[in-house]
Amino acid sequence: MSQHVENGSPCRGRVLTLDTMNPNVKRVEYAVRGPIVQRAVQLEKELAEGAQKPFKEVIRANIGDAHAMGQKPITFLRQVLALCCYPELLQDNKFPEDAKNRARCILKACGGQSIGAYSMSQGIECIRQDVACYIEKRDGGIPSNPDNIYLTTGASDAIVTILRILVCGVGCDRTGVMIPIPQYPLYSATLTDLNAVQVHYYLNEEECWSLDVTELRRALTEARQHCSPRVLCAINPGNPTGQVQSRRCIEDVIRFARDEHLFLLADEVYQDNVYADGCEFHSFKKVLFEMGPEFSSTVELASFHSASKCYMGECGFRGGYMEVVNLDPEVKMQLTKLVSVRLCSPVPGQALMDLVANPPRPDEPSYALFVKERSAVLAALAEKAKLTEETFNAIPGITCNPVQGAMYTFPRITIPPKAIAKAEEEGLHPDMFYCMRMLDEEGICLVPGSGFGQRTGTFHFRMTILPPTEKLKVVLERIAAFHQRFTREFS
């Protein structure tokens with residue numbers, strides 16, 4: 001380290017610099033909140049300062065943040081959370097009795113009957129019991145053990161934690177983790193940070209982003225030449241692709257994981273978001289157990305759910321859970337030790353997860369409003385999914401698969417060769433160049449497909465379908481106008 005003397009004292013450089021920091025962190029990329037979002041923030045500031053733009057507002061269609069997009073919170077969830085945060089409201093007759101009863105149960109399980117107290121590291125026991133009951137009901141009676149439930153800081157924290165347990169080795173023994181392409185950038189970012197090997201398997205765009213075991217086998221065979229593949233991730237319903245995998249597909253994946261001795265990660269945070277006719281959500285846990293003991297007693301599985309998506313959209317509370325199946329008991333002790341290092345997940349998020357697992361029952365006063373609000377949210381999303389698909393497919397140069405589930409679309413765009421050359425000249429991926437131009441000209445913030453991975457020579461962008469219907473129509477109109485103008489400019 002270079003140093004020189006200033007005023008008689010040695011003057012040294014900083015301890016932490018780009019050269020001395022963890023190199024894995026420098027390699028991490030997270031497209032959903034990357035450069036394009038930073039540009040959107042800059043444009044919002046310029047608009048607020050009175051700058052003249054071709055648009056009056058920036059519309060952020062880049063991230064699945066339901067409430068930021070105008071979705072109203074579910075009344076029952078917020079009533080119970082309000083009661084938990086300020087128990088004096090339990091004396092207020094404006095709150096229905098079932099909401100008060102839920103709050104009393106949660107508070108009774110908290111240290112000092114306060115939601116501000118730490119919980120057990122694995123999560124409040126009665127909430128884990130409610131989550132286990134929820135899973136059993138969802139899966140048609142297949143047992144769920146509360147001891148195998150971990151309440152987490154959203155699903156993201158759970159995924160990062162289990163990957164930390166799974167990743168090991170150096171050189172050709174480094175752990176390979178199979179992730180779908182396109183994928184949610186949490187996976188690539190985490191694996192980069194952990195210095196694990198990303199093993200890409202491609203979803204089939206021509207077959208509505210289906211998952212094909214032949215492609216899994218190709219990816220696995222190639223990966224075994226340079227690493228030790230041990231983990232297979234599946235996202236269902238899909239993000240960013242919006243597909244819902246069939247039961248047969250899930251059976252094939254489970255069989256593949258058993259045959260190839262892989263640990264399965266099932267990202268199921270969009271399990272309530274299924275819109276297309278003929279599509280149905282099947283949990284990996286349910287299918288695993290219905291395939292019989294030869295699978296259900298051997299295949300190791302971690303599955304994830306969250307309060308951030310579905311009809312709830314409560315991203316900011318950071319509530320989620322992980323269920324582990326067939327985990328080695330000694331490894332499970334290590335997992336519990338690892339989560340205990342961070343003491344516990346946010347207790348308000350745990351409370352919210354309890355309400356997702358234990359919503360109002362038909363004989364309770366909050367039931368009718370709860371069902372009305374939940375149904376309205378999901379019906380609106382189904383309508384917007386159809387609108388988005390039909391609009392994009394009517395634009396020359398854009399093709400879009402049906403949005404079967406989740407809350408995103410991942411259309412394929414044709415970018416003229418002159419635009420590709422211009423992007424290369426500016427040191428940008430062609431779809432990043434396209435999305436940056438759209439942001440600057442139309443005020444629409446999208447995420448380029450290159451941030452999620454895509455087949456070479458194809459270009460996409462991810463857009464959420466969350467904006468209110470009228471605003472979504474404006475977004476789609478602006479995208480259509482931009483695409484036609486962009487194509488003419490570079491044709």
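The values are calculated or read from the model by the stated rules, or taken from the named source; none is laboratory data. The structure displayed is predicted, hence computed values, not measured ones. Neighbour counts run over all protein chains shown; Cβ positions are idealised from the backbone, glycine included. Heads up: the accessible areas ignore ligands, DNA and RNA and are worked out on the full protein's heavy atoms, side chains in. Shrake-Rupley method; radii C 1.70, N 1.55, O 1.52, S 1.80 Å.
What to note about this one:
- Computed over segment 183-321, the Cα gyration tensor eigenvalues convert (square root of 5λ each) into semi-axes of 23, 19, 16 Å, ordered from largest to smallest.
- Per residue value of the accessible surface for segment 86-239 (all protein chains in place, 1.4 Å probe), Å²: 43
- Based on protein heavy atoms only, segment 244-391 ends up with 41 Å² per residue of surface accessible to a 1.4 Å probe.
- Burial order of peptide ranges 346-356, 160-170, 187-197 (average beta-carbon count within 10 Å, highest first): 346-356, 187-197, 160-170
- Segment 69-218 - percent of accessible surface contributed by carbon and sulfur, probe 1.4 Å: 51
- Reciprocal mean inverse distance between Cα atoms of segment 45-150 - Kirkwood radius, Å: 17.5
- Estimated from the Cβ-Cβ distance and a Förster radius of 22 angstrom, the FRET efficiency linking K108 and R361 is about 0.70.
- For R462, distant residues with modelled amide H under 5 Å away: V447, G449
- Mean ellipticity per residue at 222 nm, deg cm²/dmol - from DSSP H runs of n ≥ 4 across the chain, formula -39500 (n - 2.57): -13000 deg cm²/dmol
- Positive contributions from Lys and Arg (+1) and negative ones from Asp and Glu (-1), summed over other residues with Cβ under 13 Å from the Cβ of S366, come out at +2.
- The Rg/Rh ratio of segment 382-491, with Rg taken over Cα atoms and Rh as the Kirkwood radius over Cα pairs, comes to 0.94.
- Modelled spin-label separation between R248 and C168, with each label point placed 7 Å from Cα along the Cα-to-Cβ direction: 3.9 nm.
- Just so you know, the Rg over Rh for the chain is 0.99, from Cα atoms, with Rh as the Kirkwood radius.
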